[in-house]
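Step one of this worksheet: look at the structure below.
The values are calculated or read from the model by the stated rules, or taken from the named source; none is laboratory data. Quick caveat, the model's predicted, so the values are computed rather than measured. Note that each Cβ is placed from the backbone with ideal geometry, even for glycine, and that neighbours are counted across all protein chains shown. Only protein heavy atoms, including side chains, enter the accessible area calculation; ligands, DNA and RNA are left aside. Shrake-Rupley method; radii C 1.70, N 1.55, O 1.52, S 1.80 Å.
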Amino acid sequence: MSNRRQTKTIEFTPPDIDGVGDELAALREAGDGWVNLLPGVVDEADINPPAGLFAFFGTRQPPVTMATVMPARLDKRHVEGMSVGLMHPTGAKSIARLAEAGVVVPDGWVVRQDHARRGLVLRTAPDSVPDDVVTWCVQAGTALCMVDMTGQWQAVVYLP
């Protein structure tokens with residue numbers, strides 16, 4: 001018997017994110033699961049650059065962003081917002097780079113971490129609308145991605 005979570009993959013082209021927002025809303029109601037958001041890239045070779053002899057010692061991140069949104073536990077969803085994580089290749093101080101690109105942290109959200117290797121972590125306001133969270137993640141992911149993107153995105157929903 002396997003303990004692997006079931007997943008659901010949704011291909012979407014922003015600003016049409018309704019299906020992804022609906023899935024995130026269902027996860028919030030359940031207080032379980034998460035969503036990974038990945039941009040489509042023009043050249044798949046950009047995702048996994050060849051590793052050199054000293055790649056193990058390097059700090060280089062993949063050039064593509066990935067956002068992860070996880071709802072608060074069921075017993076905390078009315079007082080605690082969703083957790084938003086963004087792995088990206090641009091290093092520390094990504095909040096400043098996002099602001100320069102016109103992507104600001106929404107009111108009520110809290111920046112928990114902005115680290116070169118561990119990425120950006122935020123906590124949404126408890127009453128954040130799932131569609132707005134997905135839209136912000138796509139905007140932030142687009143602003144911090146360092147490869148040519150197709151404009152399409154993929155959501156991998158890890159079901160409760």
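Observations on the structure shown:
- Residue ID - modelled with the highest pLDDT, chosen from residues in segment 132-148 that are of a type outside the set (S, T, N, Q) and open to solvent by 50 Å² or more (accessible area, probe 1.4 Å): Asp132
- Selection within segment 108-127 - assigned to a strand (DSSP E or B) and of a type outside the set (Gly, Ala, Ser): Val110, Val111, Arg112, Gln113, Asp114, His115, Leu120, Val121, Leu122, Arg123
- Residue within segment 91-110 that is under 13 Å from the mean Cα position of the chain (by Cα) and either at pLDDT below 95 or under 20 Å from Phe12 (Cβ atoms) (or both) present: no
- Residue in segment 1-14 that is modelled with the highest pLDDT, counting only those that are loosely packed, with under 11 Cβ neighbours inside 10 Å and assigned to a loop (DSSP other than H, G, I, E, B): Gln6
- Pairing each residue of segment 8-21 that is in contact (Cβ under 8 Å) with a residue 40 or more places away in the chain with any residue that is in a loop (DSSP other than H, G, I, E, B), provided the two are 6+ apart or on different chains, yields C-beta distances under 9 Å for Lys8/Leu159; Gly21/Val129.
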